[in-house]
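J.: The structure follows.
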Amino acid sequence: MHFSFIPDFSHQKPFPKLLLLMIIIMICMLFSSLFAMGTAVLIWGERVLQVSDPSIIKDSPSLIAAYKYMQMINHAGTFLLSGFIYLFIADKPRLKSLTSSKLPPQSQLWMVLLLIIISTPWISKVYEWNRTFSLSYWPSIEQWLERTAQQSEDMVNVFLHRASFIGALANVLIIAVLPALGEELIFRGILQPLLNQWWKNIHLSIMISALLFSMMHLDFFGFLPRLGLGIMFGYLYYFSANLWLPILAHFLNNFLALVVSFLSEKHITEIPYHEFGSVDNLWVNLFSFIFTLFIFAWFYKIRMKTLPSKK
C-alpha cells in the first residue's frame with residue numbers, strides 16, 4: 001500500500017536522518033507522556049498526578065497500577081513507536097529486514113545466555129567501581145544525579161512491592177521486555193547502522209551508540225557497566241546481523257536483575273541487585289572478562305563464515 005501524503009526521507013544523507021530520528025523520538029516521547037498521563041487520569045483519577053512519593057505509592061495498589069501503565073506507555077511510545085515511524089519514512093528496506101528477520105540458530109541463542117552469565121562478574125565489578133566515582137567539583141550536579149538514580153531505584157522497589165502474579169508479569173514487561181525491544185531497535189537497529197553509514201567505521205559507531213545508550217539512562221553511577229553492555233550488544237548485532245540476539249541479551253540482563261531485586265525485596269536473599277555476581281577475586285573477574293572475549297571470538301568466526309569469499 002502506498003501513502004502518497006507521507007514524506008519520504010529515504011534519500012537523505014545520514015546526518016539529516018540522524019536529526020530526523022532525534023526529532024521523532026522527542027515528539028513521540030512528549031506524545032506518549034501526555035497520552036499516558038491523560039488516560040491514567042481517566043482510569044484512576046487525578047490522584048495519579050498529585051502523588052509522586054514512592055513511599056505513598058507503594059501502599060496504594062491503584063497508584064502502582066497507574067504508574068506501571070504510564071511507564072509502559074512512555075517506553076513503548078518513546079522507543080518502539082518512534083523507531084517504527086522513522087523506519088517507515090526514512091528506511092523502508094531496513095524496516096522490512098528487521099520485521100522479517102528469523103530467530104538465530106539455537107546454538108547462538110544458548111551462547112547469548114552463556115555470555116550474560118559469564119560476563120556478570122566483571123560487569124558487576126565495574127558497577128561497584130563506578131559507584132565510587134565522585135563529582136566533587138560539581139556538587140549540585142552530583143546531588144541531582146544521586147537523586148535521579150535513587151528515584152529510579154525507589155520506583156523499581158515500588159513495582160516489586162507485594163506484586164501479584166499479574167503485577168509480576170507487568171514488571172517483566174516494563175523492566176525486561178519493553179526495554180529490550182525498544183532500546184535495541186533504536187540504538188542497535190537504527191542508530192548504529194546509521195552512524196556506520198555516516199562515518200564508515202563500525203567500531204566507532206558501536207562505541208558511540210553504546211555511549212548514547214548509557215547516557216540515556218541518566219545514571220552516572222551505573223554509566224560504565226551500561227557502556228560495557230551497550231558495546232556487547234552492538235557487537236552481537238554486528239557479528240550476527242540479527243537484532244534478536246542483542247534483544248535477547250538485553251532481556252536476559254534486565255530479567256536477571258529483576259529476579260534478584262524481587263528476591264532481595266522479599267528478603268529471600270540479602271544481596272542487592274547491583275551487587276549480584278560481584279566477586280572480590282581478581283582471577284574470577286579476569287577469567288570472566290577473558291571468556292567474554294572468547295564468546296565474541298566465536299561470534300566473529302560465525303560472521304566470517306557467512307561473508308562471501310574473495311576470489
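The values are calculated or read from the model by the stated rules, or taken from the named source; none is laboratory data. Every value quoted in this text rests on a predicted model; they were computed, and no experiment measured them. Cβ sites come from the backbone with ideal geometry, for glycine too, and all protein chains shown count toward neighbours.
J.: Of the numbered conditions (1) among the charged types (D, E, K, R); (2) within 24 Å of VAL172 (Cα to Cα); (3) crowded, with 18+ Cβ neighbours inside 10 Å, LYS17 fails exactly one; give the number of that condition.
T.: (2)
J.: Take LYS68 and tell me if it is within 29 Å of LEU229 (Cα to Cα) and not in a helix (DSSP H, G or I). First the steps, then the outcome.
T.: Numbers: within 29 Å of LEU229 (Cα to Cα): yes; not in a helix (DSSP H, G or I): no.
Criteria not met by LYS68.
J.: Check segment 120-128 and report whether any residue there is assigned by TED's automatic domain parsing to the domain that holds SER278, over 19 Å from the mean Cα position of the chain (by Cα) and aliphatic (A, V, I, L, M).
T.: no
J.: Select from segment 280-307 the residues that are among the charged types (D, E, K, R) and over 15 Å from VAL112 (Cβ atoms) and write down the one among them that is surrounded by the most Cβ atoms within 10 Å (Cβ to Cβ). I'd like the intermediate steps shown before the answer.
T.: At the first step, the residues of segment 280-307 found to be among the charged types (D, E, K, R) are 280, 301, 303, 305.
Those still in the list that are over 15 Å from VAL112 (Cβ atoms) too: 280, 301, 305.
On the way: ASP280: 8, LYS301: 10, LYS305: 8.
Per the criteria, the residue is LYS301.
J.: Ok, one more. Under the condition of being in contact (Cβ under 8 Å) with a residue 40 or more places away in the chain and assigned to a loop (DSSP other than H, G, I, E, B), which residue from segment 123-150 is farthest from MET232 (Cα to Cα)?
T.: Step by step, filter segment 123-150, then rank; the result is LEU135.
J.: I would also like to ask the following. For residues that are touching a helix residue (DSSP H, G or I) at 6+ places or on another chain (Cβ under 6 Å) and polar (S, T, N, Q), scanning just segment 109-131, find the one that is surrounded by the most Cβ atoms within 10 Å (Cβ to Cβ).
T.: Among them, the one singled out is SER119.
J.: Shifting gears a bit: Test of understanding: among ASP91, ASP53, which residue is out of contact with any Gly (no Cβ under 7 Å at 6 or more places or on another chain), without any contact (Cβ under 8 Å) to a residue 12 or more places away in the chain and acidic (Asp, Glu)? Give the steps one after another, and end with the answer.
T.: Values: ASP91 fails: without any contact (Cβ under 8 Å) to a residue 12 or more places away in the chain.
After applying the criteria, what remains is ASP53.
J.: Ok, one more. Would you mind listing the helices (runs of 4 or more DSSP H) fully within segment 154-270 where at least 2 residues are small (Gly, Ala, Ser)? Break it down into steps so the answer makes sense when it comes.
T.: Numbers: elements: 165-172, 178-184, 192-199, 202-216, 223-240, 244-265.
Those helices (runs of 4 or more DSSP H) span 165-172, 178-184, 202-216, 223-240, 244-265.
J.: Sticking with this one: Given (1) in contact with a Gly (Cβ under 9 Å, 6 or more places away or on another chain); (2) hydrophobic (A, V, I, L, M, F, W, C); (3) within 26 Å of ILE118 (Cβ to Cβ), where does ILE186 come up short, assuming only one miss?
T.: Only one criterion in (1) in contact with a Gly (Cβ under 9 Å, 6 or more places away or on another chain); (2) hydrophobic (A, V, I, L, M, F, W, C); (3) within 26 Å of ILE118 (Cβ to Cβ) is unmet by ILE186, namely (3).
J.: Starting from segment 279-292, keep only residues that are touching a residue at least 40 places away in the same chain (Cβ under 8 Å), then list their pairs with residues that are assigned to a helix (DSSP H, G or I) and β-branched (Val, Ile, Thr) whose Cβ atoms are within a distance under 7 Å, requiring at least 6 positions of separation or different chains.
T.: Sorted first by the residue in segment 279-292, then by its partner, the pairs are SER288/ILE118; PHE291/ILE118; THR292/ILE118.
J.: Anything in segment 75-108 that is surrounded by 18 or more Cβ atoms within 10 Å (Cβ to Cβ), over 25 Å from PHE223 (Cβ atoms) and of a type in the set (Ser, Thr, Tyr)? List them, or say none.
T.: TYR86
J.: Next question. Quick check on SER214: is it in contact with a Lys or Arg (Cβ under 8 Å, 6 or more places away or on another chain) and either free of Cβ contacts under 8 Å to residues at least 12 places away in the same chain or among the hydroxyl-bearing types (Ser, Thr, Tyr) (or both)?
T.: Values: in contact with a Lys or Arg (Cβ under 8 Å, 6 or more places away or on another chain): yes; either free of Cβ contacts under 8 Å to residues at least 12 places away in the same chain or among the hydroxyl-bearing types (Ser, Thr, Tyr) (or both): yes.
The answer is yes for SER214.
J.: Determine, yes or no, whether ALA76 is in contact with a Phe, Trp or Tyr (Cβ under 7 Å, 6 or more places away or on another chain), in a helix (DSSP H, G or I) and more than 19 Å from GLU153 (Cα to Cα). I'd like the intermediate steps shown before the answer.
T.: Details: in contact with a Phe, Trp or Tyr (Cβ under 7 Å, 6 or more places away or on another chain): no; in a helix (DSSP H, G or I): yes; more than 19 Å from GLU153 (Cα to Cα): yes.
Spelling it out, it is not the case that ALA76 is in contact with a Phe, Trp or Tyr (Cβ under 7 Å, 6 or more places away or on another chain), in a helix (DSSP H, G or I) and more than 19 Å from GLU153 (Cα to Cα).
J.: Do we find a residue being out of contact with any strand residue (DSSP E or B) (no Cβ under 6 Å at 6 or more places or on another chain), in a loop (DSSP other than H, G, I, E, B) and not charged (D, E, K, R) anywhere in segment 84-103? Break it down stepwise before answering.
T.: Just the residues of segment 84-103 that are out of contact with any strand residue (DSSP E or B) (no Cβ under 6 Å at 6 or more places or on another chain), to begin with: 84-103.
Going one step further and asking which of them are in a loop (DSSP other than H, G, I, E, B), we end up with 91, 101-103.
Then keep just the ones that are not charged (D, E, K, R); that gives 101, 103.
Looking for residues that are out of contact with any strand residue (DSSP E or B) (no Cβ under 6 Å at 6 or more places or on another chain), in a loop (DSSP other than H, G, I, E, B) and not charged (D, E, K, R), one finds at least one in segment 84-103, hence yes.
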